[in-house]
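Just below is one structure, and these are the notes that go with it.
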Amino acid sequence: MNNINKKDFFNKIANRRFFWKKIHNYYHSQLKKYYKFYVLPNSSVLELGCGNGDLLNSLIPSKGVGIDFSKKMIEISKLKYPNMEFYNFDLNNKINNYREKFDYVIISDLIRDLEDIHLFFENLRDFCNQNTRIIISYSNKFWEPVLKIAEIFKIKTPEFKQNWIGVEDLRNIVQLCDFEIVKENKKILIPFKFPLINFFFNNLLANLPFFRKFNLINFTHLRYKTDVSNLDKSVSIIIPTQNEKGNIENAIKRIPNFGKSIEIIFVEGKSKDNTFEEILRVKEVYNNKKILVIKQKGIGKGNAVREGFNIATGEIMMILDADLTVQPEELVKFYKAIINNKGEFINGSRFVYPLEKRSMRFLNILGNKFFTSLLSYSINQNLTDTLCGTKVLYKKDYLKIDENRSFFGEFDPFGDFDLIFGAARLSLKIIDIPIRYKERSYGSTQISRFSHGWQLIKMTFFALIKIKLN
């Protein structure tokens, strides 16, 4: 059928969709729940194929714009949600008179209605910049015969479909159109409401490796790979310190010159070896460098990092542990990775190169690797090391993490999980950079194998429940 017939089809069923949505309220509530987790409130949101606007409205956007090729759908949306903007455009063609960029673009249950998916993603670039996140949901190809039978027996909304796209097909198309996949997910084994049964199948079973491939809905998170300018940016390096007097001057001497400017922020945590006094001495000796020092008000490394970030002025934020087990010279690698747009959250990995003999105890290595694998599974992004102290991100992204921290809470004593959880929710592109992990030359480790190990267990399972099984 031609495109005009398709428009007529959707205009014809527009009013009846209210009935079908009521019948399938559980399915649509699960879609809304997923999108609301990843779309931060008060963001600018564009929904392509918006239907009657219910999903867009549920996301509480600061500016919500919906586009659909059904004129009747748009008329209904405008009546229901006059506080948002709705436009009747043919999504199979280029929209020449609309060029606004959005924080998020939502594409839900639309892909199979498109005549030319490749052209659609080429046109999608007009709405995106390097910060835009695109979230797509579409039916699993495995369900095709089941859904067609459901239509025949009138227990599902009638569809006008021309294609059943698979996961690999979509991957190929989006990469051809300069989009990069950040993460992929699969949800919903049973799309109807059955109390208790839903929790077992959709929250537990649906997330297990074998059963995931049978889920009804595929989710794909994208970012637009725009050209980067490679212009130097200002950097803030936060160094949490406690009983690290012997490492302070060495840290200053070994941090290379890179970026537009560097500020070094020491957050001193009630040391007993005169670390604070040593920082003041070093600051005076190296007065040609911008060195700031504050006394930590709270406790724990996580709190120290947050206090340092709160006063940082650089465009890029870096963490360097004061024990110098991650060498300051390695920071250049992290800087190059982020300004060249290789990733948006750059995470150090200690488990690629051989470890020095006394740099990490054997049980710590096993624990780190096990919980890193579990956390990677929970956030649907690959990590090889969660507790490496060196992490780098843009300040603008940290501010979003900070603003929405209440979602996860402030109970991470390490600071690593706090940032990883926040980056995962923002759908930032997380990449690992291998570093050579050295034995400390001064002081002793401040990691307690058992008490901190127990906290690590709690944080990892918190991520599993809050993110994966939610």
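Nearest 5 percent is fine: what portion of the DSSP beta bridges confined to the chain is antiparallel?
Looking only at bridges with both residues in the chain, the antiparallel portion is about 35 percent.
Just grab the label-to-label distance for Lys148 and Phe37, each label 7 Å out from Cα along the Cβ direction, in nm (one decimal).
3.2 nm
From the phi of every residue in the range 264-269, what ³J(HN,Hα) in whole Hz does the Karplus formula 6.51 cos²θ - 1.76 cosθ + 1.60 yield, where θ is phi - 60° and glycine or proline is x?
10, 10, 8, 10, 8, x
Counting only residues 5 or more places away or on other chains, whose amide H sits under 5 Å from the amide H of Ile433 once H atoms are built in the peptide plane?
Under 5 Å from the amide H of Ile433 lie the amide H atoms of Asn347, Gly348, Ser349, each far enough along the sequence or on another chain.
From the cross-link list Lys186/Lys396; Lys333/Lys369; Lys301/Lys458; Lys193/Lys458, which pairs have alpha carbons spaced over 19 Å apart?
Lys186/Lys396; Lys333/Lys369; Lys193/Lys458
Please list, in chain and number order, the residues 5+ apart from Ser44 or on another chain whose amide H is under 5 Å from its amide H, with Hs placed from the backbone.
Residues meeting the amide H criterion: Ser62, Lys63, Asp103, Tyr104.
What are the residues whose amide H is under 5 Å from the amide H of Phe414, where those residues sit 5 or more places off or on another chain and H is modelled from the backbone?
Amide H neighbours of Phe414: Gly302.
How long is the gain from Arg281 to Phe214 if the chain were fully straight, where each residue apart is worth 0.36 nm and the alpha carbon distance is subtracted?
17.9 nm
Which FRET efficiency, nearest 0.05, do Ile60 and Leu119 yield, Cβ-Cβ r, R0 30 Å?
Computed FRET efficiency for Ile60 and Leu119: 0.40.
Sum up the charges of everything whose Cβ sits under 11 Å from the Cβ of Pro240, counting Lys and Arg as +1 and Asp and Glu as -1, but leave Pro240 out.
Its environment carries a net charge of -3.
Using per-residue counts of other Cβ atoms within 10 Å, averaged over each peptide, order 104-110, 276-282 from highest down.
So the peptides 104-110, 276-282, ranked by packing, come out 104-110, 276-282.
Let me know the charge dipole size of the chain about its Cα centre in debye, to the nearest 20, where only the beta-carbon of Lys, Arg (+1) and Asp, Glu (-1) is charged.
Taking the Cα centre of the chain as origin, the dipole is about 1020 debye.
I'd like the Karplus ³J(HN,Hα) series for the range 389-405: coefficients 6.51, -1.76, 1.60, θ = phi - 60°, whole numbers in Hz, and an x wherever there's a Gly or Pro.
x, 8, 9, 9, 7, 6, 4, 4, 6, 4, 4, 5, 4, 5, 5, 10, 5
Using the Karplus equation 6.51 cos²θ - 1.76 cosθ + 1.60 (θ = phi - 60°), what ³J(HN,Hα) coupling, rounded to whole Hz, does each residue of the range 278-286 give in order, writing x for Gly and Pro?
3J(HN,Hα) across the range 278-286, in whole Hz: 5, 5, 4, 5, 5, 4, 6, 5, 9.
Return the calculated 222 nm mean residue ellipticity for the chain, to the nearest 500 deg cm²/dmol, obtained by summing -39500 (n - 2.57) across DSSP H runs with n ≥ 4 and dividing by the residue count.
Per the formula, -10500 deg cm²/dmol.
Need the C-alpha centroid separation for the range 114-135 versus the range 304-340, integer Å.
The distance from the Cα centre of the range 114-135 to that of the range 304-340 comes to 33 Å.
Local charge sum around Asn198 (other residues, Cβ-Cβ under 13 Å, Lys/Arg +1, Asp/Glu -1)?
Result for the local shell: +3.
Since every read-out is calculated from the coordinates, none of them should be taken as a lab result. These numbers were taken from a predicted model, which means no experiment stands behind them. All Cβ positions, glycine included, derive from the backbone under ideal geometry; neighbour counts span all protein chains shown.
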